[in-house]
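What follows is a set of notes on a single structure, which appears directly below.
The values are calculated or read from the model by the stated rules, or taken from the named source; none is laboratory data. Predicted, not measured: the structure shown is a model, and the values here were computed from it. Glycine gets a Cβ as well: all are built from the backbone with ideal geometry, and neighbour counts include every protein chain shown.
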Amino acid sequence: MRTAIRLRNSLLKLSILCLIFASTGAHAGFMSTSDALALEQAAPLLSDIRVKLADEQIRTHLAKYGVSMADIEARLATMSPAELVRFSEQLDQAPAGAGVVEVVGVVFIVLLILELVGVTDIFNAF
């Protein structure tokens with residue numbers, strides 16, 4: 001009887017020790033200076049793009065095409081800094097108020113590229 005209790009206690013202690021030492025830690029990777037600078041430059045671009053897309057005319061045109069702001073936010077979150085720069089430049093080149101169709105076209109092209117690359121799955125939902 002005593003040996004069974006000792007064996008059970010020993011197995012319990014062993015299992016607790018195994019659980020303690022088997023826990024996984026956080027894994028970190030290195031980031032190059034150019035990657036860090038690109039991420040730093042992307043933050044203001046992202047906020048600038050969001051301000052431009054907050055225009056009511058743009059929202060109504062996007063809604064006509066079935067694109068919600070949640071979809072756009074999801075796409076913006078997955079875009080690389082280089083893509084954000086190109087997208088922001090295209091938004092800047094569009095005339096104010098008159099280029100809504102072009103902006104919608106650019107957003108649609110970005111969505112299409114992301115769909116073709118396999119990042120999103122929006123067009124299969126229809």
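Here are the numbers for the structure shown:
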| quantity | calculated |
| --- | --- |
| Test: residue 62 is under 18 Å from residue 113 (Cα atoms) and surrounded by 16 or more Cβ atoms within 10 Å (Cβ to Cβ) | yes |
| Considering residues of the range 27-54 that are in contact (Cβ under 8 Å) with a residue 12 or more places away in the chain and not hydrophobic (A, V, I, L, M, F, W, C) only, the residue nearest to residue 77 (Cα to Cα) | 50 |
| Lone qualifier among 101, 107 - being crowded, with 18+ Cβ neighbours inside 10 Å, over 15 Å from the mean Cα position of the chain (by Cα) and either among the aliphatic types (A, V, I, L, M) or at pLDDT 75 or above (or both) | 107 |
